[in-house]
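Reading through the structure tokens given below for one structure.
The values are calculated or read from the model by the stated rules, or taken from the named source; none is laboratory data. The structure presented is a predicted model; accordingly, all values stated were derived computationally and were not measured. Here the Cβ positions follow ideal geometry from the backbone for every residue, glycine too, while neighbour counts run over all protein chains shown.
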Amino acid sequence: MHLRSIRWRLVTIYVLLVIIVMMASGTLIVYLTRDNEYKVIKNDLRHLAALATAISAEDDASAEALEKQYMNLLMQGRLGQPASDSIICMLRPNGEVIYTTSEVETAKRILTPQTMAAAMGNTLEEFDRVGNIRENDRMMGLALPVKDNRGEVAFILYFLKGTEQVEENIRRTVYVIAVSVLLAIGLAMFLGYVFAGYLTRPIRSLSRRAKDMAAGNLKNPIPVLSNDEIGDLTDNFNYMAKSLNRTMEQMAGEKNKMETIIHYMTDGILVFDEEGQIIHKNPASMRMLDFRGAKNYEEVFDEALKMSYRELTGKMEQGQLKFTLEKENQYFNVAFARYFSDDRVARGVICVIQDVTEHKKLEQIQKEFVANVSHELRTPITTVKSYAETLLDLPPEDIENRERFLTVINSESDRMTALVQDLLDLSKLDNKKIGFQMEQIELTALVRGEVEGYQIHARKKGQQLLFEAEENYYIYGDPGRVSQVFRNLISNAVKYSGEGSQVKVSLSAEESFVVGKIQDQGIGIAPEDLPRVFERFYRVDKARSRAMGGTGLGLAIVKEIMQYHGGRVEVTSELGKGSCFYLYFPC
């Protein structure tokens, strides 16, 4: 475990407190023990001094008599039987030893503040510690002056008691205290470690929970084990984790929503970082530009735009940039814009790609449509104008040419009328302005009627116009518009089929559709023209179609009517052998 952890800090503080308390207590104990031991010694010395004073007060003798008397008392032990660590000395006023209860030399002088004070006739209530009485022995002494009948100091009684036992007791006390301190430190470390572990357990739980949160696990709360500050912290931590989990779920939901939107967008999205590396792309962008292996801007746009990423970002200081790219007959609008962080620091570039190929095609179709309408109207108008001018110049008697010219003018007028009517129908279909009269239709009878109506045209060309239906079929639709569809296709089949050929019209059921089939043996349609036969004004053979009175709008109208009925029209063809149109009506 790391020594700088909270647990070890608590243990260290606890041990330091124990050391301080134990040291202070030990010091106080040593001091009190020493003081008490020395008080005992002092009291013993005072007791001996009091006993000697009492004896001195009983007698009133000369110095020699007192000296002899006290020497006898000492010898007899009447002043107390000295212990092995005690000494009683009789000293002359000059400090010379007269008699001693120990092995102290009698000629030796003992001069201490107490003995010198006693020589002056005074008794000091101070206890001196002396070390020169016996070798290697520390002692405490009390000097008592003994006066004769003249009031002079006859001699000095010097009571000494050894302090070695006291010091030994103190050393033992210090040893016991030291051992106790060491034991207390060890016990304090153990108890402190256990207690600190108990205190820091919630903190360790919080630490583990924080690691779990960092790993993304925000749903498991920590049990609150106490009502103290740690419990409050745990409760607040759980609340924070719950709030953070809710926020993260909301953010994840928003992120998933945005990713789903971007993933399924029809527009392509590319995001570059500041170095031009691709950090996000959606399937539409890869499908449009086909750059699946590309990792940066240069691999996608450098060749197409002829502009480096640095040049691009430099030009975007003025705003977004827009380009149009052409790639394999496809057109794309590409827009670049900077994106920024919250502190307005540029973080990269967002690129939005729009596929405008269909829009370009629509523009081209519109241009072709206008050109075709102009051309289709200009031709009959020019013809009518030319023949009208010629009529004006004809002499009145030229009736034959006049009738021929009027016939041409009438034919071209009919052609213009049909063209204008088809244009009006297409416009109404585009704008949903045609009111379809939807009802239940007996399709078999309706188609049979249209086939019979064109029999006369087929017979003129020696053609066989056949009709087959397995049963009576019913659909929901507008009878007039459905008739228009079959009439248009049957008319085209008869027109473009040669003499003696066969045109076959049939009805059958296929899954949830009634299928009308118009099959001819005409000129057929080239494979490259098949995808465009339903476009407005598109003719496979323009000269022949116009000569037959076609407007180029019939198949476009058929397609619009079928789509309005929820169906569709399809065509198969083989050049030189004929075509077959399929009409699918929902039952």
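Just a few scattered comments:
- Extreme residue, modelled with the highest pLDDT, among residues of the range 161-187 that are of a type in the set (D, E, K, R), in a helix (DSSP H, G or I) and more than 15 Å from Ile29 (Cβ to Cβ): Glu168
- Highlighted here are the strands (runs of 3 or more DSSP E) found entirely within the range 425-520 that include at least 1 residues which are touching a Phe, Trp or Tyr at 6+ places or on another chain (Cβ under 9 Å) and either closer than 22 Å to Arg568 by Cβ or not assigned by TED's automatic domain parsing to the domain that holds Gly567 (or both): 439-442, 474-477, 502-510, 513-519.
- Qualifying position, being among the hydroxyl-bearing types (Ser, Thr, Tyr), within 15 Å of Ile353 (Cβ to Cβ) and touching a residue at least 40 places away in the same chain (Cβ under 8 Å), among Thr266, Thr324: Thr266
- Exclusive hit being at pLDDT 65 or above and outside any strand (DSSP E or B), set Gly151, Gly141: Gly151
- The one condition in (1) surrounded by 18 or more Cβ atoms within 10 Å (Cβ to Cβ); (2) closer than 30 Å to Arg46 by Cβ; (3) not assigned by TED's automatic domain parsing to the domain that holds Thr112 that Val174 fails to fulfil: (1)
- Count - residues of the range 246-278 that are surrounded by 12 or more Cβ atoms within 10 Å (Cβ to Cβ) and not in a helix (DSSP H, G or I): 12
- Pairs where the first residue, in the range 493-516, is over 18 Å from Met562 (Cα atoms) and of a type in the set (Lys, Arg) and the second is part of a strand (DSSP E or B) and at pLDDT 90 or above, C-beta under 7 Å, 6+ apart: Lys504/Leu466; Lys504/Gln519
- Some residue of the range 199-220 being surrounded by 14 or more Cβ atoms within 10 Å (Cβ to Cβ), touching a Lys or Arg at 6+ places or on another chain (Cβ under 6 Å) and aliphatic (A, V, I, L, M): no
- Odd one out for Glu510, checked against (1) surrounded by 15 or more Cβ atoms within 10 Å (Cβ to Cβ); (2) under 60 Å from the mean Cα position of the chain (by Cα); (3) closer than 28 Å to Gly578 by Cβ: (1)
- Selection within the range 301-335 - of a type in the set (S, T, N, Q), touching a Lys or Arg at 6+ places or on another chain (Cβ under 8 Å) and part of a strand (DSSP E or B): Asn333
- Cβ pairs under 9 Å, 6+ apart, first in the range 292-316 and under 11 Å from Cys351 (Cβ atoms), second of a type in the set (S, T, N, Q) and part of a helix (DSSP H, G or I): Val300/Ser285
- Being surrounded by fewer than 16 Cβ atoms within 10 Å (Cβ to Cβ) and at pLDDT 80 or above is a property that does not hold for Arg292.
- Just one of the numbered conditions (1) over 60 Å from the mean Cα position of the chain (by Cα); (2) at pLDDT below 90; (3) among the acidic types (Asp, Glu) is not true of Glu535: (1).
- Every residue from the range 153-188 that is charged (D, E, K, R) and touching a helix residue (DSSP H, G or I) at 6+ places or on another chain (Cβ under 7 Å): Lys161
- Residues in the range 340-370 that are part of a helix (DSSP H, G or I), free of Cβ contacts under 8 Å to residues at least 40 places away in the same chain and surrounded by 13 or more Cβ atoms within 10 Å (Cβ to Cβ): Thr357, Lys360.
- Residue check, Leu191 modelled with pLDDT of 80 or more, part of a helix (DSSP H, G or I) and either touching a helix residue (DSSP H, G or I) at 6+ places or on another chain (Cβ under 6 Å) or of a type in the set (A, V, I, L, M, F, W, C) (or both): yes
- The selection criterion, being more than 60 Å from the chain's Cα centre (by Cα), surrounded by 15 or more Cβ atoms within 10 Å (Cβ to Cβ) and β-branched (Val, Ile, Thr), does not hold for Val515.
- His47 satisfies every condition listed in (1) of a type outside the set (Asp, Glu); (2) surrounded by fewer than 17 Cβ atoms within 10 Å (Cβ to Cβ); (3) under 22 Å from Leu183 (Cβ atoms) except (3).
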